[in-house]
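Below is one structure; the comments refer to it alone.
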Amino acid sequence: MALRGGDVHIRRMDMLNDPALTAFRDEVRAFLAAHLPGDIRRAAARATSVFIDPGVSLPWQHILHAKGWAAPDWPAEYGGPGWTEIERYIFAAECALAGAPNLAPMGLKMVAPVIMHYGSPEQRAHYLPRILSGEDYWCQGFSEPGAGSDLAALQLRATPDGGDYILNGSKIWTTHAHFANRMFALVRTSNEGKPQAGISFLLLDMATPGISVEPIRTLAGDHEFNQVFFDDVRVPQTNRLGGENEGWAVAKHLLTFERGGKYAPALIGRLERLRARRDVDPVLRAQLDREAVTLKALQALELKAMRGVGGSAALYASALKVLGTEAAQRIDTLACEVAGYAAWADADGQTPAELAVAVPRYLNDRAATIYAGSNEIQRDLIARMMLG
């Protein structure tokens with residue numbers, strides 16, 4: 001049976017026949033219809049990356065924050081809505097179908113969980129409300145010119161000096177560092193023993209003297225990445241998360257949140273907008289329909305991961321990272337094909353914004369199977385966990 005329209009969407013899944021979940025979905029849908037501004041939706045459709053410029057994402061975060069919905073994954077004690085896993089999934093799916101922009105993940109989805117887990121009461125009280133409100137905008141300082149997928153090779157030196165560390169070195173591919181006022185970073189505090197044993201995890205103020213940011217332009221023409229330089233940058237040791245030389249454990253905890261997640265809702269939303277067009281030939285339509293079935297399987301795996309069935313969180317994180325990013329690249333390719341048909345069919349030149357940026361998005365997403373640990377490394381991790 002060919003799948004059409006909403007048939008691949010989560011609202012068709014048997015597990016959502018619960019009247020309470022249907023009511024929740026309807027509440028989310030009504031809120032999005034009433035409160036998602038058209039200019040924000042249009043700007044999101046023109047985005048070429050999962051990282052939306054803060055001029056678009058932060059106004060939407062402020063709207064969600066006022067409703068109490070800015071951080072669906074957070075516990076209620078820290079300002080989250082206290083939703084169940086399936087309610088979070090429904091929310092993500094409805095946002096994707098409505099064309100809402102992604103919120104910046106570095107604060108809400110990456111550093112916030114590790115602050116909750118490893119932070120002192122003072123750190124949690126200071127940082128978490130500022131992340132929730134959008135007052136603090138974060139970037140991630142992990143990769144270096146000589147340490148990308150082999151992250152343990154990092155060399156940004158943090159030398160103890162009284163109650164501070166003095167940082168010297170650089171980070172690279174630092175997404176949105178030119179917007180951020182905060183960074184979470186891995187630094188080298190010891191060269192003794194295994195490389196992983198000498199790393200610490202620091203929270204930095206980007207206005208600290210000695211920090212400079214240089215842009216890196218991508219093939220897509222975007223300014224998304226940067227190289228960040230540290231020249232005798234003084235950071236209080238109280239800004240460390242976890243113990244000195246114990247940052248590797250903190251980073252592994254964080255990477256579980258970066259690698260895993262909800263790929264299917266956004267991809268289903270993108271694919272359904274492509275499948276809604278009628279100006280493509282039967283061969284391309286068959287490819288779109290085939291991808292819909294694949295996303296249905298990805299969605300089922302994500303829901304299985306939420307229930308913690310059949311594997312560890314780390315195993316699911318690696319598997320979903322591989323499947324989700326490779327599905328995104330396939331959809332990028334299909335979007336370029338559809339854009340070609342649209343350019344021919346839309347004689348008035350009114351090509352939808354999402355198709356107009358199909359090629360830049362395709363170029364940007366070439367990195368998806370590399371960042372957060374390349375997919376080759378993820379497959380190696382999966383093999384180790386499964387085979388021992």
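Values in this text are rule-based calculations from the coordinates and carry no lab data. The shown structure was predicted, so the numbers you read here are calculated from the model rather than taken from an experiment. Cβ atoms come from the backbone with ideal geometry, glycine included; neighbour counts cover every protein chain shown.
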Between the helical axis of 263-275 and the dominant principal axis of the chain, each derived from Cα atoms, what acute angle in degrees is found, rounded to the nearest 10? 30
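Tell me, what is the percent relative contact order of the range 100-226, built from C-alpha pairs under 8 Å that lie six or more residues apart?
Rounded, it is 20 percent for the range 100-226.
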Using the alpha-carbon atoms, what tilt in degrees (0 to 90, nearest 10) does helix 247-259 show relative to the longest principal axis of the chain? 10
Restricting to aspartates and glutamates and to Cα separations under 20 Å from LYS67, and discarding same-chain partners fewer than 8 apart, the set is ASP26, GLU27, ASP39, GLU77, GLU85, GLU87, GLU94, GLU135, ASP136
The chain - mean residue ellipticity at 222 nm from DSSP helices (-39,500 (n - 2.57) per run, n ≥ 4, rounded to 500): -15000 deg cm²/dmol
Does anyone have the angle between helix 19-35 and the longest principal axis of the chain? Alpha-carbon axes, 0 to 90°, nearest 10? 80
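Stretch ASP205-THR84 to full length: gain in nm at 0.36 nm per residue minus the Cα-Cα span?
Details: separation 121, 0.36 × 121 = 43.56 nm, distance 3.37 nm.
Computed gain between ASP205 and THR84 is 40.2 nm.
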One finds, for ASP26 and LYS304 with R0 = 22 angstrom and r their Cβ-Cβ distance, a FRET efficiency to the nearest 0.05 of 0.30
In a Gaussian network model over the chain where Cα atoms closer than 10 Å are linked, find which of GLY162, GLY269, GLY99 has the largest mean-square fluctuation. GLY162
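Using the number of other C-beta atoms within 10 angstrom as an exposure proxy, rank ILE216, ILE52 with the fewest first. Mind dumping the intermediate values first?
Details: ILE216 14, ILE52 22.
The most exposed by this proxy come first: ILE216, ILE52.
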How high is the relative contact order of the chain? Use alpha-carbon pairs under 8 Å, at least six apart in sequence, and give a whole percent. 16
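Only Lys, Arg, Asp and Glu count, each charged at its Cβ (+1, +1, -1, -1), so figure out the dipole size of the chain about its Cα centre, rounded to 20 debye. Walk me through the numbers before you get to the answer.
On the way: 40 positive and 44 negative charges, 158 e Å.
Dipole of the chain, to the nearest 20 debye: 760 debye.
Normalised by the residues of the range 186-308, what does the relative contact order come to in percent, with Cα pairs under 8 Å and at least six apart?
Details: 122 pairs, mean separation 26.8, N = 123.
Relative contact order, the range 186-308: 22 percent.
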Using a Gaussian network for the chain with springs between C-alpha atoms less than 10 Å apart, which of these wobbles most: LYS194, LYS262, LYS304? LYS194
Most fluctuating residue given options ALA264, ALA104, ALA276, as computed from a GNM of the chain linking Cα atoms under 10 Å: ALA276
Heads up, the range 5-104 by the C-alpha gyration tensor (a ≥ b ≥ c square roots of eigenvalues; a/c under 1.5 rounded, else a/b over b/c prolate, else oblate) looks oblate
Using the Cα centre as the reference, give the magnitude of the dipole from point charges on the C-beta atoms of the range 5-104 (Lys, Arg: +1; Asp, Glu: -1; all else neutral), rounded to the nearest 20 debye. 380
